[in-house]
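The values are calculated or read from the model by the stated rules, or taken from the named source; none is laboratory data. Small disclaimer: the values here were computed from a predicted structure and weren't measured. Here Cβ is always computed from backbone atoms with ideal geometry, including for glycine, and neighbour counts include all displayed protein chains. Heads up: the accessible areas ignore ligands, DNA and RNA and are worked out on the full protein's heavy atoms, side chains in. Shrake-Rupley method; radii C 1.70, N 1.55, O 1.52, S 1.80 Å.
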Amino acid sequence: MPEQPAQPPRPARPYEPEGAVAGTGMGGGMDLAASEAGTLERGPGEGPQGPQGSRSPRDKPRSLGSDAWRDLRRNPVFLLSALVICFLVLIAVWPSLIAPGNPLSCDLARAQDGPSAGHPFGFDGQGCDVYTRTVHGARASVTVGVCATVGVALLGSVLGALGGFFGGAWDAVLSRVTDIFFAIPVVLGGLVLLSVVTSNTVWPVVGFIVLLGWPQIYRIARGSVITAKQYDYVQAARALGASDTRILLRHIAPNAVAPVIVVATIALGTYIALEATLSYLGVGLKPPSVSWGIDISAASPYVRNAPHALLWPAGALAVTVLAFIMLGDAVRDALDPKLR
């Protein structure tokens, strides 16, 4: 049988990426859509917006804090209250910026005089410039409010986190202790505890507020921690072998701190009002300290003859307390996911 001639080898077809050309069954080919072809032309490290890492900032996921800050910047209540608070902090740190006079310099010959040139608020019953004393009185009130809030938030948050996370006998003891402190009237407790203190500084008042104020933050922090430790990501971290300290600090605390911040911000204004109340009753700050509560107490007997001496320190106190309460309400609305 004659041998058949060998057929020449078929030319090699050029490499075609898988899926770039679909066979039609008739020896032809069908092009892909332009979008799919463009996808094949891009390298493995490129996405729809170009190389990896060149994503627009708007495409990045936002955290709860960034969302809250975005909402706060658009809230006129927050902007107004923050502006007032910044001004109060400025005059508390540097009162001589707008009131260069001495708040302890008094002239009895001008007692109860009304406003005059260089003295827009008039004089009190001792002949002291009401404007100067009102400006300098912001330092004591803001110092007491900020320091007391920091102390209350730290003590209450730490104890509340430990009680809510570990539970058991530790939580039971702390809960009963908070019940005892809640049963103590704040003003009455201040009259009893501060009446034996002779210091003219703000620290006895700060210590008293921290002593009676931490149970409120304790309950808020305890409830937040109990809720947060039941989430799935906490159970997953525990299953992966994370320690209790790491779980509490890295996974639970960041998600349980928002209610504490809201309550502490609102309570700051309350603590300023409490300091003024105790100073008005004579057990808080004492002369020669300068405080709005002291000025209100000194001007009360002369309210008919010199109402301006009572109006300005009382108005400054009311504006300060209102500003912090409005700030706390704005922060609460921004951090509440139910309002989104």
(message) Pairs needed: first member in segment 163-176, at pLDDT below 90; second member anywhere, part of a helix (DSSP H, G or I); C-beta distance under 7 Å; at least 6 residues apart or different chains.
(response) Trp170/Leu162; Trp170/Gly163
(message) If the requirement is being open to solvent by less than 70 Å² (accessible area, probe 1.4 Å) and of a type in the set (Gly, Ala, Ser), which of these qualifies: Ala169, Ala183, Ala264, Ala239?
(response) Ala264
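Just the residues that are part of a loop (DSSP other than H, G, I, E, B) and open to solvent by 50 Å² or more (accessible area, probe 1.4 Å), please, taken from segment 192-222.
Selection gives Ser195, Val196, Thr198, Asn200, Thr201.
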(message) Kindly evaluate Tyr271 against the criterion of being at pLDDT below 90 and either open to solvent by 20 Å² or more (accessible area, probe 1.4 Å) or not charged (D, E, K, R) (or both).
(response) no
(request) Tell me which of these Ala140 doesn't satisfy, since it passes every other one: (1) open to solvent by 50 Å² or more (accessible area, probe 1.4 Å); (2) not in a loop (DSSP other than H, G, I, E, B). (result) (1)
(message) Here is a check on your reading of the model: is Ile294 of a type in the set (A, V, I, L, M), in contact (Cβ under 8 Å) with a residue 12 or more places away in the chain, within 23 Å of Leu90 (Cα to Cα) and open to solvent by less than 40 Å² (accessible area, probe 1.4 Å)?
(response) yes
(message) Can you tell me which of (1) farther than 24 Å from His119 by Cβ; (2) modelled with pLDDT under 90; (3) not aromatic (Phe, Trp, Tyr) is the one Val260 doesn't meet?
(response) (2)
(request) Sort out which residues of segment 155-202 are among the polar types (S, T, N, Q) and over 30 Å from Gly293 (Cα atoms), and write them in order of number. (result) Ser175
(request) All but one of (1) free of Cβ contacts under 8 Å to residues at least 24 places away in the same chain; (2) under 24 Å from Leu322 (Cα atoms) hold for Ala242, so report the exception by its number. (result) (2)
